[in-house]
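Student: One structure follows; several queries about it will come next.
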Amino acid sequence: MSEERSKITLSLRSGKRRKARPVISAPRQISAPIPQDGSTGGAPAGAMLPIPEAPRPRPVGAGGKTSDLVKRRFSSRFNNLPPEFDAAAPPVPSLPPLERFNTDYQPPPPSRAGPGAAPVVDLKALRDPNLVPDQYVASVLSEASEDQIQEYMESLQGIKARAAADLQQNLLQNRTQFIKISKEAEKLKGEMRALRNLMSELKANTTALRQASGRNEVDSSIGGAVTMSKRDKRSSVADRSALWTSQMQTLYKTVEGSQKFLPNAIGRHVVLNAGPWIELDNATYKSRRAMQIFLLNDHLLIASRKKRKVDAPNADTRGPMVKLVADRCWPLLDIEVIEMPGTGDSMGGRNKLADAIMVRGGGQETFIYRTEKPEASEKKALMMNVRKAVEELRKGLQSEMEAHNKARETINYFASRDPGLLQKTELLETLSDIKDMMIEVDGKQQNLRWVEGQMDELDIDIALQGFEPAVARVEKLKALARGLKGNTVAQDFINFEVEERCAKLATIIIHGMETTHHQQSKTKRNLSWLARLGYEDRAREAYLAARGDTIHKRARQCLFQGDLHLYIWQLSFVYFTLIHNTVQCFQSCFPPPMMSTCVKWAKEQVEAFNVILARQLSSTEPGGPEWTKCMDQAKEHAKKLSDVGLDFTSLKPPHLIMDTNMEDVGRGPTDVAPVHTEPATRSTLEQWIENLMNCKQLSEADVQRLCDMGREVVQDESNVQPVKCPVTVCGDIHGQFHDLMELFKIGGPSPDTNYLFMGDYVDRGYYSVETVSLLVALKIRYPQRITILRGNHESRQITQVYGFYDECLRKYGNANVWKIFTDFFDYLPLTALIENQIFCLHGGLSPSIDTLDNIRALDRVQEVPHEGPMCDLLWSDPDDRCGWGISPRGAGYTFGQDISEAFNHNNGLTLVARAHQLVMEGYNWSQDRNVVTIFSAPNYCYRCGNQAAIMEIDEHLKYTFLQFDPCPRAGEPMVSRRTPDYFL
């Protein structure tokens, strides 16, 4: 054994020595099969190649024993297994296939130097029709930073803007080319029409000459002798007309009854007397009766020949033995004259129909006529003259149609380009008659189409809002019209076209001035354009109206929250600052002669402020500390007007003297309910209701007690007050007391009928005090039978503007009742929910409210704010456009069908019932019957002429609408003409 080991040892170190000892290193990953030829080429480092399925061939070694020793040297045996080793454990699961190791997938190598160069927009790639945007963006922006992506996006937006500008410019250029091409096409069309007319005339003349040369001269006359002398063939219009008249008179005398078929007409004359003919039977071709044919320029007359009765009394024996009686007559264009073919029985070696013609009328009736003289030229002459007459008729009719069509084309051309010309009938007809009129422009002759081209350019300038070139073009065209003194038609046409576009241009500029009236530079520029157009007056009125609206809007944003001095300070600052700025801008922009209008406007605004100031100070003691403080503050702000040269110190706030012109409308001195000094009981409350039903107002003390009791009832109600069916839902009332009485007659008296009123009980009507007092009294008496919600007019700010404040002053002499009611309004619920399905409110939905719980969480005891969810519930309106929009009322929003559907779905509702908007039928469905608007004030503001409606909902939630008209009001004719109209 030792010997064998020694041999083995010697065998390992003996033999031919190698140049280098083999180095055995750590195992390395094999990326490719080891080549058999001993080459060392392989895949590059880091390349991941799939392991082949075939086993790698073993390299040929020097000997088997040596290789075994090498394997033993690198083999290990582990005898001591760890204690936690479990031999029964399942084998390790195989790794899932990784697609990323596929040769087709080659992710980009990660960059270690941070983001590379900014990606550049490749216009060639963007123009590729097969471009896939997602793949392109992923390949270009895969390693771009946020700044580089933003820069790349800005580059794309710039390219898009340039492309849009190029497209617009190309469109304008193409439109110009289209206009030129259309003009050339119209000119070519006229030339082709003239050429076609000349060709048709040439053809007709050639045919006539050929026929005249090939036929014998035919001398025929009425009764046998009508000779055409050289004098008759002259082209004199007078002689020809006289000859034609003579021929017709002779025809009337010769043919009995011919005047009935052929009344005298201008240009009608006899062309040919075809002589005697025989009418044949259509079936047997046998002779029926003797006839004579007369050819006129527009008719074919058939006369029957009858023998004259000589033995009759009073018979003229000197006349001919045969008389002619008109039998048939056709217009040439309504019949067809056909030569009969030579078929049938022969007579004397010649066909019977060889000398016959067939006349086919419009009613598919046919008549056959044959000449009496065989082989005569009557048939040939008749057919030739018929063809010639028909051709001339068609030619004349075509000429008339072409002239009419050309005139109609001219009318349609101008009318289609400017529909306003249809109202100028005389001008349009004149243009059609003189369509080729030429006018001189800069020494060149131009037609009216040139004017239309200028109008096209003007329309383009207006559409692109290029006001300076548009105004310059208007001035140029007006100067051109003034220069055409001898051409009234062209002058009227140009003035009409220019004035129409001038008005449109001025409207756009005025709208822009109303939008930017606070910017002096833009106002001056807009005014210069309007002055050049001749619209200075409209510009002045629009500017002052816009400034007045701004003052009114800013004043409405000033909320009275208890601090009178702060409220007066805000109002005076808004009024006098805006008046000062307006007058200053007016002085710099408008010419001095217009300054009187601005002074008048400023005076009106100061008077409006004085009215508001007097209202606010009516509850304070004149000369008191608070009154003096507020007046001093207003005077301090009024000093700003002296900087622009205005002095209105003589305008004093009007004293609060009660205006009695409305106090006695329908009411006598005794129409005031007696004052109750005892505590309010049920009997007292019923007495109040009885008096109010008779339109008797309560005393100030009773109003105070009524509102105190009403506050205790409504303050415990929810913002979303639940209501049970059946119930009658009502809309706006607006102080129309007598119409409220009519409503109770239609819907049923309370408490027999449950009512839900959705707000707006005061303002604009003449009896707001009585209306709201009655509803509050009914709410106190029957709290479970009547529900009253708050509307946008149940607020301090709105009632000061639209009548309720003035009515309280007229009827009570002070504003205490107004303050009592407005304090009570703060406690009214905002919305109601009928059987958890019908949502009722005054205005509309709010973007701040998704569920009814959001409404329940609102604090409603406050003045209606000018924005926010509470304001939206009382001011918003539905709209035909989807989504949310800005309300034109200045408060709230407009909401679309998608908003109402989502709100109803999220809250499990079937309908949103609202008021707030005037609808002429009293109710109106909208937004696919998701929203209904109800309005319960008929003849709104005593002038709108609308109907009113209420919605009855039964126990099964079925809707029924009851409409009614205004009720005659006692005392209505006594309304003074000086009564103020509170109409929005």
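The values are calculated or read from the model by the stated rules, or taken from the named source; none is laboratory data. The shown structure was predicted, so the numbers you read here are calculated from the model rather than taken from an experiment. Every residue, glycine as well, gets a Cβ built from its backbone with ideal geometry; the counts of neighbours run over all protein chains shown.
Student: Among the numbered conditions (1) modelled with pLDDT of 85 or more; (2) buried (at least 18 other Cβ atoms within 10 Å of the Cβ), tell me where residue 390 comes up short.
Tutor: Against the list (1) modelled with pLDDT of 85 or more; (2) buried (at least 18 other Cβ atoms within 10 Å of the Cβ), residue 390 comes up short only on (2).
Student: Mind telling me which of the residues 554, 525, 547, 538 ends up being in the same structural domain as residue 582 (by the TED database) and over 30 Å from residue 634 (Cβ atoms)?
Tutor: From the options 554, 525, 547, 538, the qualifying one is 538.
Student: Mind listing whichever residues of the stretch 655-672 are touching a Leu at 6+ places or on another chain (Cβ under 9 Å) and either in a loop (DSSP other than H, G, I, E, B) or at pLDDT 80 or above (or both)?
Tutor: 656, 658, 659
Student: Out of the residues in the stretch 698-730 that are in contact with a Lys or Arg (Cβ under 8 Å, 6 or more places away or on another chain) and assigned to a loop (DSSP other than H, G, I, E, B), state the one that is surrounded by the fewest Cβ atoms within 10 Å (Cβ to Cβ).
Tutor: 718
Student: Same structure again: Quick one: in the stretch 533-562, of everything that is among the small types (Gly, Ala, Ser) and surrounded by fewer than 16 Cβ atoms within 10 Å (Cβ to Cβ), which residue is farthest from residue 499 (Cα to Cα)?
Tutor: Among them, the one singled out is 562.
Student: Which one is surrounded by the most Cβ atoms within 10 Å (Cβ to Cβ), of the residues in the stretch 253-281 that are touching a residue at least 40 places away in the same chain (Cβ under 8 Å) and under 20 Å from residue 396 (Cα atoms)?
Tutor: It comes out as 270.
Student: Taking the conditions exactly as written (in contact with an Asp or Glu (Cβ under 9 Å, 6 or more places away or on another chain) and more than 13 Å from residue 644 (Cβ to Cβ)), does residue 546 satisfy them or not?
Tutor: yes
Student: Contact list please: Cβ distance under 6 Å, first residue in the stretch 481-509 and crowded, with 20+ Cβ neighbours inside 10 Å, second residue at pLDDT 75 or above and of a type in the set (Phe, Trp, Tyr), pairs at least six apart or on different chains.
Tutor: Filtered contacts from the stretch 481-509: 506/535; 509/529.
Student: While we're looking at this one, here's another question. Mind checking which residues of the stretch 835-879 are within 18 Å of residue 824 (Cα to Cα) and touching a residue at least 12 places away in the same chain (Cβ under 8 Å)? So that I can check it myself, show each step before the final result.
Tutor: In the first step, residues of the stretch 835-879 are kept if they are within 18 Å of residue 824 (Cα to Cα); the result is 842, 858-865, 870-871, 874.
Within the stretch 835-879, 842, 858, 860, 861, 862, 863, 864, 865, 870, 871, 874 meet the criteria.
Student: If residue 856 satisfies every condition in (1) among the basic types (Lys, Arg); (2) over 33 Å from the mean Cα position of the chain (by Cα); (3) modelled with pLDDT under 90 but one, which is the exception?
Tutor: Tallying (1) among the basic types (Lys, Arg); (2) over 33 Å from the mean Cα position of the chain (by Cα); (3) modelled with pLDDT under 90, residue 856 fails exactly one: (3).
Student: Give me the residue from the stretch 929-954 that is of a type in the set (Ser, Thr, Tyr) and farther than 18 Å from residue 909 by Cβ and, out of that set, surrounded by the fewest Cβ atoms within 10 Å (Cβ to Cβ).
Tutor: Here the residue is 942.
Student: When the residues of the stretch 775-798 are narrowed to those that are touching a Cys at 6+ places or on another chain (Cβ under 9 Å) and within 23 Å of residue 691 (Cα to Cα), which ends up surrounded by the most Cβ atoms within 10 Å (Cβ to Cβ)?
Tutor: 776
Student: Given the structure, is residue 132 surrounded by 11 or more Cβ atoms within 10 Å (Cβ to Cβ) and either in contact with a His (Cβ under 8 Å, 6 or more places away or on another chain) or more than 30 Å from residue 451 (Cα to Cα) (or both)?
Tutor: On the way: surrounded by 11 or more Cβ atoms within 10 Å (Cβ to Cβ): no; either in contact with a His (Cβ under 8 Å, 6 or more places away or on another chain) or more than 30 Å from residue 451 (Cα to Cα) (or both): yes.
No: the conditions fail for residue 132.
Student: Shifting gears a bit: Would you mention how many residues in the stretch 591-621 are closer than 23 Å to residue 807 by Cβ and of a type outside the set (Asp, Glu)?
Tutor: Going through the stretch 591-621 one residue at a time, the tally reaches 13.
Student: Mind counting the residues in the stretch 905-958 that are among the acidic types (Asp, Glu) and not in a loop (DSSP other than H, G, I, E, B)?
Tutor: Summing the residues that are among the acidic types (Asp, Glu) and not in a loop (DSSP other than H, G, I, E, B) in the stretch 905-958 gives 1.
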